[in-house]
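In what follows, a single structure is set out as structure tokens and then discussed.
The values are calculated or read from the model by the stated rules, or taken from the named source; none is laboratory data. Worth saying up front: this structure is predicted, and the values here are computed from it rather than measured. With ideal geometry, Cβ positions are generated from the backbone for all residues, glycine too; neighbour counts draw on all protein chains shown. The protein model used for the area step is the full one, side chains on, heavy atoms only, and it has no ligands, DNA or RNA in it. Shrake-Rupley method; radii C 1.70, N 1.55, O 1.52, S 1.80 Å.
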Amino acid sequence: MLTLKKIDTDSEFHKLADNWNNLLQRSRARSPFLTWEWMFNWRKLCKNDNELFILCIRDEADKTVGIIPLIMRGERKFGLNFRNIEFMGSDESLPDYLDFIIDRSVEDDVIGLITDYCIEQKDTWDVIKLSGIKEDAVCFKFYDFLSNKGYKTYRKLDGICPYIKLPETWKDYLNTLSKKSRFNVRKKKRVLDTHYKNSFSIIDNEDHLEEVMDQLSELHRKRMTMKGIKNSYSSSDTFWKFQKKIAAEFFRKGWLLLGILQISGKLAACQYAFKFWDKVFHYQTGFDPAYEKYSVGLISVGHMIEASINSGCEEYDFLRGEEDYKLHWAKSNKELFSAYISNNNAKGRIFLRQHITLQWIKQKIKTFGKR
């Protein structure tokens, strides 16, 4: 028989560390953004204005078979105050592939249990918002269960994640690109080699990690300034304090892939990614605007893909976004969705109705702007 316990204190959350990552290995939700390290540090460093709503499910042998990483957060919208249940870590940093962490062997049983629990707790919430999820995410079972019990639901496409299924060699990968793309990649590298002495490497010494992360944050801020983007969350001190902590912890776990392109001993471009199981998740990039005309960003991404192939990885995922540099390298993509479940109360119905209307208006404006 399965039992459910709500974890609502940081001390209890901290004690879940070992069970959390062990369960992640037995689940279908293998994302670096679902690790205990990512979630706990997000809670500690980024967002404390919420209530923990982690649901921990154990079997009759007291083995953890489900962890549902949620928070309860207040939101002011449409002139009303709403009580929302959301994924932990879902904020301006836009983590992708969030999901429920459930042992594959008991998915339906766990989903049934947490569905019943949320119905029993219906007086405590208005809307359940699940973001950054794939179409085959386990949490869509929960979405369907509540829909079948009469709860109003809505889902929308949030964007795509371009990705590459990596072949055995860099040469094999280049052959998947168009003739023009192959020519451009080789030409840009030759031009850089002609003008500057340069080298690419993967950080393998923790002593250099903090310095490189500081340089990456500065390069990223310069890139945002070039785009005319001011005061973005990804340029904030809070965001980079969090990322430096994650980089250090992931490095010790063997999950960090941090590549640097140096020109005459100076950092010209940096690629910040996570190597998780047999996949690489490309999270952040930065380059020195002084070398923009030499395409140092593009060249360093190519080196990252080659390094990933050489390390035996099977997939290189650029995560959310349709930036040109991602579409240059990747020809396949995964779709990401947000799912909304309204409670059967006035506030829940108002939120969902107004939200759907707002999305419809935005889509109409977007369509009209393309004409």
Given a 1.4 Å probe, the accessible area of the chain per residue, as a whole number of Å², is 48 Å²
Can you tell me the 0 to 90 degree angle between the C-alpha axis of helix 209-226 and the longest principal axis of the chain, rounded to 10?
90 degrees
By a straight-distance test (C-alpha under 18 Å), which aspartates and glutamates pair with Lys293 as possible cross-link partners, with residues fewer than eight away in the same chain excluded?
Asp193, Glu323, Asp324
With viscosity set to 0.890 mPa s at 25 °C, what whole-number translational diffusion coefficient in µm²/s follows for the range 296-354 from Stokes-Einstein and a Kirkwood radius over Cα pairs?
165 µm²/s
Just the Kirkwood number for the range 226-371, please: inverse of mean 1/r across all distinct Cα pairs, in Å, one decimal.
18.6 Å
Cross-link partners among lysines for Lys77, C-alpha distance below 24 Å, same-chain residues fewer than 8 apart left out?
Lys47, Lys122, Lys129, Lys152, Lys156, Lys347, Lys362, Lys364, Lys366
Okay, helix-only estimate at 222 nm for the chain: each DSSP H run of n ≥ 4 adds -39500 (n - 2.57), divide by all residues, round to 500 deg cm²/dmol; what do you get?
-13000 deg cm²/dmol
With Leu4 itself left out, Lys, Arg at +1 and Asp, Glu at -1 over residues whose Cβ is under 12 Å from its Cβ give -1
At a threshold of 8 angstrom on Cα-Cα distance, excluding pairs fewer than six apart, so keeping six or more, what relative contact order does the chain reach in percent?
22 percent
Which log10 I(q)/I(0) values does the range 82-150 give at q = 0.12, 0.24, 0.27 Å⁻¹ under the Debye formula, counting every alpha carbon as one identical point scatterer?
-0.33, -1.23, -1.38
For the chain, share of DSSP beta bridges that run antiparallel, in % to the nearest 5:
90 percent
So what are the range 5-124's ellipsoid semi-axes, whole angstrom, largest first, if each one is the square root of 5 times an eigenvalue of the alpha-carbon gyration tensor?
23, 18, 13
Filtered hits (aspartates and glutamates, Cα-Cα < 18 Å from Lys275, offset >= 8 within chain) -> Glu37, Asp96, Glu168, Asp204, Glu206, Glu249, Glu306, Glu314, Glu315, Asp317
Let me check I have the definition right: for the range 254-323, take the eigenvalues of the Cα gyration tensor, multiply each by 5, take square roots. What are those semi-axes in whole Å, largest first?
22, 13, 10
Rounded to the nearest 10 degrees, what's the angle between the helix 346-369 long axis and the longest principal axis of the chain, both from Cα atoms, 0 to 90?
30 degrees
Output the Kirkwood hydrodynamic radius of the chain, Cα pairs only, in Å rounded to one decimal.
22.3 Å
Counting every Cα pair in the range 195-270, what percent are over 17 Å apart?
49 percent
The range 136-280: percent of C-alpha pairs farther apart than 18 Å?
73 percent
I need the per residue convex hull volume for the range 19-80, using only the alpha carbons, in cubic angstrom as a whole number.
121 Å³
